[in-house]
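**Q** Shown below is the structure under consideration.
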Amino acid sequence: MQKITPFLWFDGQAEEAVKFYTSIFRKSKILNVVRYGQEEANASGRPKGSVMTMAFEIAGQKFIALNGGPQFKFTEAISFVVNCQDQKEVDYFWKKLSAGGKEVRCGWLRDKYGISWQIVPAVLGELLDNKDAARAQRVMQALLQMVKLDIKKLKQAAGPIRRTSCQGVSRRLTILSKN
């Protein structure tokens, strides 16, 4: 059992949103649908028989979507990060999730339902590693100029990895020991 489940409040678009998300991510499925009965419909003002909640899973993560009404809206205060292995994956999720939504900047977008997503290449953490502060700063400056993240440009901004003299000696010894 998953310890924490994100609960997403929609104003009538829960079913549409769930179908949208489960069509984008692998290992995704709708787990359960609960509809408004007469009593719940009377209390909420939602139509009897319409979707109240949907439990679903995307990429192995469980969520619940609720058609709760217009009282609450999504904000950037909460977002979902999609960790991507390569540029092809960044491009795929960017295109799918931003369709009908809004591209923001620095790898952020807001989908057509108002949920914020960060589409992030896995290599970004390595490029921002602050063991070389100047390198990390160059990467951050490049990132701040981007809307969708571009791995090639981030790596170009990082420049070559500086090896310490110990790393170079260790590498040479490894090569010599193999010969």
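**Q** Return the tail of the calculated pair distribution for the chain, meaning the percent of Cα-Cα pairs more than 20 Å apart.
**A** 64
**Q** Subtracting the Cα-Cα distance from 0.36 nm times the residue separation, let me have the gained length for I30 to S79 in nm, one decimal.
**A** In short, 15.5 nm is gained.
**Q** For the stretch 1-73, what is Rg from Cα atoms divided by 2.2 N^0.38 Å, rounded to two decimals?
**A** 1.11
**Q** Determine, from the Cβ-Cβ distance of K62 and M140 and an R0 of 41 Å, the FRET efficiency 1/(1 + (r/R0)^6), rounded to the nearest 0.05.
**A** 0.75
**Q** Using only Cα atoms and rounding to the nearest 10 degrees, what angle (0 to 90) does helix 87-98 make with the longest principal axis of the chain?
**A** Computed tilt is about 20 degrees.
**Q** Still on this structure: Using Cα atoms only, what is the angle between the long axis of helix 165-178 and the major principal axis of the chain, expressed in degrees (0 to 90) to the nearest 10?
**A** Between the helix axis and the principal axis of the chain, the angle is about 80 degrees.
**Q** Counting each DSSP H run of 4 or more residues in the chain as -39500 (n - 2.57), what helix-only mean residue ellipticity at 222 nm follows after dividing by all residues, to the nearest 500 deg cm²/dmol?
**A** So the helix-based figure for the chain works out to -11500 deg cm²/dmol.
**Q** If you line up the long axis of helix 14-24 against the longest principal axis of the chain, both from Cα atoms, how many degrees apart are they, to the nearest 10?
**A** Roughly 30 degrees, rounded to the nearest 10.
**Q** Which of the lysines could a cross-linker bridge to K112, judged by Cα under 24 Å and excluding same-chain residues fewer than eight apart?
**A** Within reach: K19, K27, K29, K62, K73, K88, K95, K96, K102, K148.
**Q** While we're looking at this one, here's another question. At what distance in nm do the modelled label points of F72 and E126 sit from each other, each positioned 7 Å from its Cα along Cα→Cβ?
**A** 3.9
Just so you know, all these numbers are worked out from the coordinates, no wet-lab data involved. Worth saying up front: this structure is predicted, and the values here are computed from it rather than measured. Every residue, glycine among them, receives a Cβ derived from its backbone with ideal geometry; neighbour counts consider all protein chains shown.
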